[in-house]
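Structure first, commentary second.
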Amino acid sequence: MTTPRVLRTPDEVRWFVNDLRRRGQTLALVPTMGFLHDGHLSLMREGRARCDVVAATIFVNPTQFGPTEDLTRYPRDPVGDLAKCGSAGATVVYSPEPATVYPPGYQTYVNVEQVSQGLCGDRRPGHFRGVATVVTKLLALFRPNVALFGEKDYQQLQVIKTLARDLELGVEIVGMPTIRESDGLAMSSRNTYLSADDRARALSLSKGLFAMQAAAKAGETDVAKLLALGLAPLTQANVKLDYLEVRDAQTLEPLTTLTKERSARVLVAAFLGTTRLIDNLALTVS
Ligand code: AMP
């Protein structure tokens, strides 16, 4: 394993990308906020399978955090992250300072309309504007052939697919399955905040989603009944629910009935103490 080269400025990225293009190599981009786990690494491995070179980015993007959110205490592990990126096949890691990405006088933002509304869009005002802005900047800078994102952040994935299509960025956006701990909890950098008790109660999120998925598979199409099933473990674990909703898997429009024609997704957000976790699953009627 070779340690990836760390790039700090847009000029360094442009030199790297121009050199790679001169050699006729293809590029996969994996944007992250660091404190990497197997979910992040699965994106890099898939990037390596699809392209000659993988670039990862590690940037805790201030514009996607609300004023009362965890920006300043977001977990970081630059040294460990670099080794993990190398082991997953990344050649370079772009890790700029916030002032490099948003220098004084910065005033350009990307706003994706419909799919940014509802769910996390309503609960975290400005969040998807921040995400869409930083991802657009990274895609414009790296001009990758492919960029990989996790289904774990399902609404974010739809926002990014939409902006890449609407802005004609010419990049393939690949959504990758959620990687889970062996007991079902979706991996997240924020899991590190959880106390032992919160960690145990956090299992209720995936438990509820899997119960809904099983019921849909067994033929239940009534969304109200499915939601009651999903809610039961959350209530039992006494977590503070932010939302639990069933939506069209592409447009994210609310659904009241599942059909074979329209793919559906259940999405959940809940607080364990002060830690907000999200998860989601596909609902397929058999
Ligand atoms: P983050 O560092 O949390 O911003 O995540 C960076 C990328 O990794 C995003 O595309 C996430 O959707 C993805 N990701 C985060 N957690 C997981 C997971 N458990 N499984 C797969 N991908 C994930």
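Brief remarks on what is shown
- Extreme residue, positive dipole direction of the chain, given options Asn145, Leu267, Leu226 (C-beta unit charges): Asn145
- Packing-based order for 30-38, 172-180, using average beta carbon neighbours within 10 Å, highest first: 30-38, 172-180
- Helix 154-166 axis versus longest C-alpha principal axis of the chain: approximately 50°, rounded to the nearest ten.
- Most to least packed among 80-89, 151-160 [average Cβ atoms within 10 Å]: 151-160, 80-89
- Averaged over its residues, the stretch 5-176 has an accessible area of 46 Å² per residue, based on protein heavy atoms and a 1.4 Å probe.
- For the stretch 58-71, backbone phi angles converted through the Karplus equation (6.51, -1.76, 1.60; θ = phi - 60°) give residue-by-residue couplings of 10, 8, 7, 7, x, 6, 9, 9, x, x, 9, 8, 8, 3 Hz, Gly and Pro being listed as x.
- Converting phi to 3J(HN,Hα) with the Karplus coefficients 6.51, -1.76 and 1.60 and the offset θ = phi - 60°, the stretch 50-56 yields 8, 9, 5, 9, 10, 10, 9 Hz in sequence order, with x at every glycine or proline.
- Acute angle (nearest 10 degrees) that the helix 78-87 long axis makes with the longest principal axis of the chain, alpha-carbon atoms: 90
- Per-residue HN-Hα couplings for the stretch 205-215 [Karplus 6.51, -1.76, 1.60; θ = phi - 60°; Hz; x = Gly/Pro]: 5, 5, 4, x, 5, 5, 5, 5, 5, 5, 5
- In this structure, the amide hydrogen of Thr221, modeled 1.01 Å from its nitrogen in the peptide plane, lies closer than 5 angstrom to no residue at least 5 positions away or on a different chain.
- Between helix 223-236 and the chain: long-axis angle, C-alpha atoms, 0 to 90°, nearest 10: 80
- Under 5 Å, built H, 5+ apart or other chain: amide partners of Thr284: Lys217
- Carbon/sulfur fraction of accessible area - the chain, other protein chains in place, 1.4 Å, %: 51
- Heavy-atom accessible surface of the stretch 189-283, averaged per residue, reaches 46 Å², computed with a 1.4 Å probe.
- With contributions of -39500 (n - 2.57) from each DSSP H run of at least four residues, the per-residue ellipticity at 222 nm computed over the chain stands at -12000 deg cm²/dmol.
- The calculated Kirkwood hydrodynamic radius for the stretch 5-176 is 16.3 Å, given to one decimal from all distinct C-alpha pairs.
- Within the stretch 14-54, the trypsin sites (Lys or Arg not before Pro) that combine a DSSP coil assignment with at most 13 other C-beta atoms in a 10 angstrom radius are Arg23.
The values are calculated or read from the model by the stated rules, or taken from the named source; none is laboratory data. On a predicted model such as this, the values are computed, not experimentally measured, just so you know. Quick reminder, even Gly has a Cβ in these numbers, built from the backbone with ideal geometry, and neighbours come from all protein chains shown. When the accessible area is computed, the model is the full protein with side chains, heavy atoms only, and any ligands, DNA or RNA have been set aside. Shrake-Rupley method; radii C 1.70, N 1.55, O 1.52, S 1.80 Å.
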